[in-house]
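**Student:** Take this structure first; my questions come after.
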Amino acid sequence: MTNGELSKEKTFKDFVIPDYILKGERTPENRVNIAPRSPMLIFINTKSGGQQGSSILEQLRSLPNQVFKLPEERPNEVLHKIFQHLEKLISEGDHVASDVLAKLRIVVSLVAGGDGTHGWLLGTVADLSVSILPPIATIPLGTGNNLPFSFGWGKKNPGTDMKSVHGFLQQAVNAKPMSVDRWYVCIRMSKLVEDSPLKREPALEKVSSLEKISEEDRLSYHGSFWNYLSLGMDAQVSYEFHTQRKEHPEKFNHQLVNQTRYARISCAQGWFCAPCSHPKSRNITSLATIYIAKKDGKWQQLQISSRIRSIVLLNLPSFSGGLDPWGDPGDKKSRERGLTAPFVNDELLEVVGFRDGWHGMTLLLPNSHGTRLAQAHKLRIVFNNGASDSMYMRVDGEPWIQPLPRSDEPTVVEILHRGKALVLATANRLAKSISTRS
């Protein structure tokens, strides 16, 4: 073992989980009597964040059996196996396993990647059949990074050297768990839509957070999101960015470069001259009717200006790289409408509209916000027949082209609250909890 390897082993020793717990094979030779101070499981998406995940992976070589590469190793399979080992050992009276499970409340996984990767793992943890749901922290390596920014982890990469990686892990140990809402989305459409010419485009089958279910004459896609769902021009820009990155990944290997390219695509797509380049037939009101319900369950149609070209359903106070479209509705008009500050566990989505790119740019100014349309506990989006052949949509950073109905049978998107999970938050967080108002 080289001096460098010895140094790494010493640096990360507090995070090491005994091998017999990870592998479920306890023998007199591998059994230990003292639990690690800060046990962690680490998932790294080596294909996200400009390939910097690989550099972090190299720093964590001293934790070989508790660091997992995404997407090669499926988090649901990994976590189910480890928790089975823990439960078995605890039932046999292993006090070290009991301590490890208790300390996993601090951190179960560190996710290197963007919002899509983080949401994927959050859903996996939320679906675990365990008495204690472990919280999650995230290293901001992706392009969007809205999730880590919301919970105080910053927008910039923290560095991939040994000191930076250890510093982040220690931050995660000291962070506090915070409850966050999970949202269920279901898209139902006629099978005639599946036969659309748009089928040749990367569409719903490419969205990792949505699962396809085929019925006799209908198709549905089910999934969940934690950050946002959007439709309209902003999703169109995101789709073009993802398409270019897939075709030329070598040009998207740095976070700042990625964000600059995103801005250029926004201009090229006409997002900043939408009244001239974007026909009225593509405005939200021409393509869809949206219904909302509060917690009382009463449905009502959402009134939307014909100038709105993009709508965002927000769960967190960060969108498009750290902007806050909702803001703080403390003015008299907002209070009269019953609008409140956004809380990440209040079981409400903030519904915000944008007219064009200039409207979105105002978010860079103090106290600015998008068009506050509503706060909703449930939503139903009904796409109109004949208005257009498609709509751009996006969920937690993953865009697609949504084919629209060509028959009288509408395409319907339903969004419902679906439980909660725990996310680790620092003192610098933007996210607010309804229980603490902080």
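The values are calculated or read from the model by the stated rules, or taken from the named source; none is laboratory data. Predicted, not measured: the structure shown is a model, and the values here were computed from it. As a convention, Cβ positions derive from the backbone with ideal geometry for all residues, glycine included, and neighbour counts pool all protein chains shown.
Here's the yes/no breakdown for (1) assigned by TED's automatic domain parsing to the domain that holds TRP400; (2) surrounded by 22 or more Cβ atoms within 10 Å (Cβ to Cβ); (3) modelled with pLDDT under 85; (4) not hydroxyl-bearing (Ser, Thr, Tyr):
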{"position": "GLY114", "(1), (2), (3), (4)": "no, yes, yes, yes"}
{"position": "TRP120", "(1), (2), (3), (4)": "no, yes, yes, yes"}
{"position": "LEU141", "(1), (2), (3), (4)": "no, yes, yes, yes"}
{"position": "ASN145", "(1), (2), (3), (4)": "no, yes, yes, yes"}
{"position": "GLY152", "(1), (2), (3), (4)": "no, no, no, yes"}
{"position": "THR160", "(1), (2), (3), (4)": "no, no, yes, no"}
{"position": "GLY167", "(1), (2), (3), (4)": "no, no, no, yes"}
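**Student:** Continuing with this model, one more query. Restricting attention to region 169-209, and to residues there that are at pLDDT 85 or above and in a helix (DSSP H, G or I), which single residue is surrounded by the fewest Cβ atoms within 10 Å (Cβ to Cβ)?
**Tutor:** ASN174
This table checks each residue for (1) at pLDDT below 65; (2) outside the structural domain of PHE383 (by TED's automatic domain parsing); (3) of a type in the set (Phe, Trp, Tyr); (4) farther than 19 Å from LEU404 by Cβ.
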position	(1), (2), (3), (4)
GLU216	no, no, no, yes
LEU229	no, no, no, no
GLY270	yes, no, no, yes
ASN283	no, no, no, no
ILE290	no, no, no, no
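**Student:** From the list LEU70, LEU41, which residue is crowded, with 20+ Cβ neighbours inside 10 Å, touching a Ser or Thr at 6+ places or on another chain (Cβ under 6 Å) and modelled with pLDDT of 75 or more?
**Tutor:** Unique residue meeting the criteria: LEU41.
**Student:** In addition: What about GLU409, is it touching a residue at least 40 places away in the same chain (Cβ under 8 Å), among the acidic types (Asp, Glu) and within 18 Å of GLY123 (Cβ to Cβ)?
**Tutor:** Criteria not met by GLU409.
**Student:** Which condition from (1) surrounded by fewer than 16 Cβ atoms within 10 Å (Cβ to Cβ); (2) more than 30 Å from VAL423 (Cα to Cα); (3) within 26 Å of the chain's Cα centre (by Cα) is the one that ASP331 breaks?
**Tutor:** The number of the failed condition is (3).
**Student:** Within region 334-361, how many residues turn out to be modelled with pLDDT under 85, within 24 Å of the chain's Cα centre (by Cα) and surrounded by fewer than 18 Cβ atoms within 10 Å (Cβ to Cβ)?
**Tutor:** Of the residues in region 334-361, 1 are modelled with pLDDT under 85, within 24 Å of the chain's Cα centre (by Cα) and surrounded by fewer than 18 Cβ atoms within 10 Å (Cβ to Cβ).
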